[in-house]
1. Could you list all residues from region 69-104 that are assigned to a helix (DSSP H, G or I), farther than 16 Å from Pro34 by Cα and open to solvent by less than 20 Å² (accessible area, probe 1.4 Å)?
2. For Thr45, all conditions in the list (1) surrounded by fewer than 20 Cβ atoms within 10 Å (Cβ to Cβ); (2) over 30 Å from Trp15 (Cα atoms); (3) not aliphatic (A, V, I, L, M) hold save one; what is the number of the exception?
3. Which of the following residues is open to solvent by 30 Å² or more (accessible area, probe 1.4 Å) and touching a Leu at 6+ places or on another chain (Cβ under 6 Å): Phe54, Phe8, Phe22, Phe32?
4. What pairs come out if I take residues in region 71-95 that are farther than 13 Å from Gly131 by Cα and pair them with residues that are open to solvent by 20 Å² or more (accessible area, probe 1.4 Å) and β-branched (Val, Ile, Thr) whose C-beta lies under 7 Å away, six or more apart or interchain?
5. Filtering region 57-68 down to residues that are open to solvent by 80 Å² or more (accessible area, probe 1.4 Å) and within 18 Å of the chain's Cα centre (by Cα), which residue is nearest to Ile97 (Cα to Cα)?
Amino acid sequence: MKNLYQKFSATVSNWNDLPLLFFRIILVIAFFNPALMKLTGLQGTADWFGSMNFPVPFILALLVMLTEMLGVVLLALGLGTRIIAIPMMFVMFIAIITVHWGNGFAAADNGYEILLYYFLMLFALMVYGSGKYSVDYLLSKR
């Protein structure tokens, strides 16, 4: 049984970079439409931020849109992954505490569940990097 487990572990350890790739793909898909909506409806986003009494709502909307758009591109490429994860985590944290926290955990109740998962995926990417299926990896080999 021990040998079987060791063989299994050796095989699975070859897949270390796949979760990082999968996290990046999921995050790109998840952020694409919201980023696009902010890009095409920036004033609406600023108005919504203003309705929540955020200071300088247009500038915040612009920063969130730029963070999300840049995040989609950089995560798709696996370029600067550790760096872009930081402002994206900040956006998720602010969204959790200002919009979703009061609704509880469950995504079905507009809670913070999904945003927490995104935050944790971004945290893993910040800690571990983008993995070998990325531009970051190719640049590190030069």
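1. Thr81, Ile84, Ala85
2. Status for Thr45: all satisfied but (1).
3. None of the other options fit; the residue is Phe54.
4. Val72/Val28; Pro87/Thr67; Met88/Thr67; Val91/Val64; Val91/Thr67
5. That would be Leu63.
The values are calculated or read from the model by the stated rules, or taken from the named source; none is laboratory data. Fair warning: this is a prediction, and the values are worked out from it, not measured in the lab. Here Cβ is always computed from backbone atoms with ideal geometry, including for glycine, and neighbour counts include all displayed protein chains. Areas reflect the complete protein model, heavy atoms only, side chains present, ligands, DNA and RNA absent. Shrake-Rupley method; radii C 1.70, N 1.55, O 1.52, S 1.80 Å.
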